[in-house]
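**Student:** The structure's right below; bear with me while I get my questions together.
The values are calculated or read from the model by the stated rules, or taken from the named source; none is laboratory data. Because the structure is a prediction, the values reported are computed rather than measured. Note that each Cβ is placed from the backbone with ideal geometry, even for glycine, and that neighbours are counted across all protein chains shown. In case anyone asks, the SASA skips ligands and DNA or RNA and just uses the protein heavy atoms, side chains included. Shrake-Rupley method; radii C 1.70, N 1.55, O 1.52, S 1.80 Å.
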Amino acid sequence: MKKRYKNFFVLLAAALLLALCAGCGSGSAADSTAEAGSTEDYYEFSLTMHDAENTVSGQYLQNWADQVYEQTDGHVKITIHFSAVLSAATDVADNVLAGAIDIGWLYTAYFSGQFPLSEVITLPLQGFGDPVVSTEVLWDLYEGYEEVSSEWSGFKLLMLYGNPGMMFASSGSPITSLSDLQGLSIRCPSGPITDVLQAWGANPITMSTPDIYEALEKNNIDGYIFEESGIVTFSLQELTTYITDYPLYDGPFGLVMNWDSWNSLPEEYQEIIDSLSGYDASIAAAEAFGDNAVAARETITDAGVEFVSFSEEALAELQVAADEYAETWVEDVTTDSFDGAAYLAEAKALAEAYAG
C-alpha cells in the first residue's frame, strides 16, 4: 500500500504547463497545432447529476468543469445539468452507456447488482465510515483487481470516491440500541443496508433524497439514514430530533463518461482531462465532502438536533446481524476464480491501515 496523494492544485498547474508547452518542439507552434488538428475544433459535453448546484458535490464538479474549459483554452466545454433535470438518478448509468448523456455522476446504490465489488464499502459496520479512507480503499481495489475495474469498463472512469459516513437520524425517539429500531420505518438507500435494517427489526423504506422531508413531515417514516452534508442540503435538520453519532457505512460515487464521447477528443485534450481526474481528483472530492460534513454538523447542532451514541454493548448487538450479512455477501461474490472472503479481508485491512 502506498500513498499516492499529491496536492490537487499542483496537478492543475502542471497540467496547465503541459498544455502551454504542447506546441514546443522543432517546428513552430502553428505547425504543431496544425498537426494536432484540434485548435479549430470545439467540443461540448453534457454532465448530469442529481445534486443541486449549491451542494458541495455540485460546486466541486463545476470547478472541475471550469478547469477543463480553462486548460483546453475553451475547446472542451462541459455543461452540468443539476438536480436530475436531464436524467433521473436511477437512469444515469444507462443513459451514459447509450450515449444519450456524455458524462454522469452516479451513486452505485441506485444500480443493484452492477457494482457489487465496488460496494464493499457499503457493508454496514465493517470499518468503512470516512470518505477519504474509503476513496483510498476503492482506488487500491480498482487498480488491484481486474474484477473491480471490469465493473466500470463500460465507461471512461473519471472519478471514484466515497461519501461521509452514513448515520441514523430520527424525528422522535433516539436510536441508541437494537431495541430502539424494532418496528421503525427508516428511509435508506438501496443496497446491503436494506437487508441489515430488516435483520435489526426495522422496516427499510427506499425513496429518493428529495422525498425525505415530506415523508418526515407527514410521519410516513420515523427516521432515515444519511450523511451530515446531505442532511443540511435538504434541510432535514428542521424535522430531525436525534442523530446517532456513529458511521454505519460509506457509499461510492463515480463520475463516468461515454466511451464514444471520450474517443471523440484529440489525445492532447484527453491528457488534460486525465490530469484533472483520476485518483487525485477523487481524493480531493472526498476531502471536500468530508470538510462539508464537518461544517454541516454545526448547522445541525444549531438547529437543536441532539447527537447521541451507541454503548459498546448496543454496538456489539448490532454487529451480529451486520457480520452475518457480510458473510452472505462474501458467498454471493465468491466464484471459482474469486475469493470473496479474502477480498473483504483486504478491503477492511486497507481501511484500517489508511485510517491509522
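**Student:** If the requirement is being in a helix (DSSP H, G or I), within 17 Å of the chain's Cα centre (by Cα) and not basic (Lys, Arg), which of these qualifies: Ile121, Ile212?
**Tutor:** On the way: Ile212 fails: within 17 Å of the chain's Cα centre (by Cα).
Selected residue: Ile121, the only one of Ile121, Ile212 that is in a helix (DSSP H, G or I), within 17 Å of the chain's Cα centre (by Cα) and not basic (Lys, Arg).
**Student:** Applying the selection to segment 166-188, what residues are open to solvent by 10 Å² or more (accessible area, probe 1.4 Å) and part of a loop (DSSP other than H, G, I, E, B)?
**Tutor:** Ser171, Gly172, Ser173, Pro174, Thr176, Ser177, Leu178, Gln182, Gly183, Leu184, listed by residue number.
**Student:** Where the second residue is in a helix (DSSP H, G or I) and open to solvent by 30 Å² or more (accessible area, probe 1.4 Å) and the first is under 12 Å from Ser208 (Cβ atoms) and of a type in the set (Gly, Ala, Ser) and lies in segment 80-93, which pairs have Cβ atoms under 8 Å and are six or more apart or on separate chains?
**Tutor:** Taking only residues 6 or more apart or on different chains, the pairs are Ala89/Tyr110.
**Student:** So, one more: Restricting attention to segment 299-318, which residues are in a helix (DSSP H, G or I) and over 16 Å from Leu239 (Cα atoms)? Can you show your working first?
**Tutor:** Going through segment 299-318, the residues in a helix (DSSP H, G or I) turn out to be 299-302, 312-318.
Scanning segment 299-318 gives Glu312, Glu313, Ala314, Leu315, Ala316, Glu317, Leu318.
**Student:** Right, something else. Can you pull out every residue in segment 241-264 that is touching a helix residue (DSSP H, G or I) at 6+ places or on another chain (Cβ under 8 Å) and open to solvent by less than 10 Å² (accessible area, probe 1.4 Å)? Can you show your working first?
**Tutor:** Taking segment 241-264 and keeping what is touching a helix residue (DSSP H, G or I) at 6+ places or on another chain (Cβ under 8 Å), we get 243, 246, 248-258, 262.
Scanning segment 241-264 gives Ile243, Leu248, Tyr249, Asp250, Gly251, Pro252, Gly254, Leu255, Val256, Met257.
**Student:** Please go through segment 189-234 and pick out each residue that is hydroxyl-bearing (Ser, Thr, Tyr), out of contact with any His (no Cβ under 9 Å at 6 or more places or on another chain) and open to solvent by 10 Å² or more (accessible area, probe 1.4 Å). If you could, list the steps in order and put the result at the bottom.
**Tutor:** Just the residues of segment 189-234 that are hydroxyl-bearing (Ser, Thr, Tyr), to begin with: 190, 194, 206, 208-209, 213, 224, 229, 233.
Subsequent filtering for residues that are out of contact with any His (no Cβ under 9 Å at 6 or more places or on another chain) retains 190, 194, 206, 213, 224, 229, 233.
Scanning segment 189-234 gives Ser190, Thr194, Thr206, Tyr213, Thr233.
**Student:** Of all residues in segment 269-321 being exposed (fewer than 15 other Cβ atoms within 10 Å of the Cβ) and among the β-branched types (Val, Ile, Thr), which is modelled with the lowest pLDDT?
**Tutor:** Looking at residues that are exposed (fewer than 15 other Cβ atoms within 10 Å of the Cβ) and among the β-branched types (Val, Ile, Thr), I get Val294.
**Student:** Tell me, yes or no, whether segment 256-278 has at least one residue that is in a strand (DSSP E or B), without any contact (Cβ under 8 Å) to a residue 60 or more places away in the chain and over 19 Å from Tyr107 (Cβ atoms). Walk me through how you get there before you give the answer.
**Tutor:** Of all residues in segment 256-278, those in a strand (DSSP E or B) come to 256-257.
Within this subset, residues satisfying the condition of being without any contact (Cβ under 8 Å) to a residue 60 or more places away in the chain are none.
No: segment 256-278 contains no residue that is in a strand (DSSP E or B), without any contact (Cβ under 8 Å) to a residue 60 or more places away in the chain and over 19 Å from Tyr107 (Cβ atoms).
**Student:** For His81, only one of the following conditions fails: (1) touching a strand residue (DSSP E or B) at 6+ places or on another chain (Cβ under 9 Å); (2) at negative phi; (3) crowded, with 19+ Cβ neighbours inside 10 Å; (4) of a type outside the set (S, T, N, Q). What is its number?
**Tutor:** (3)
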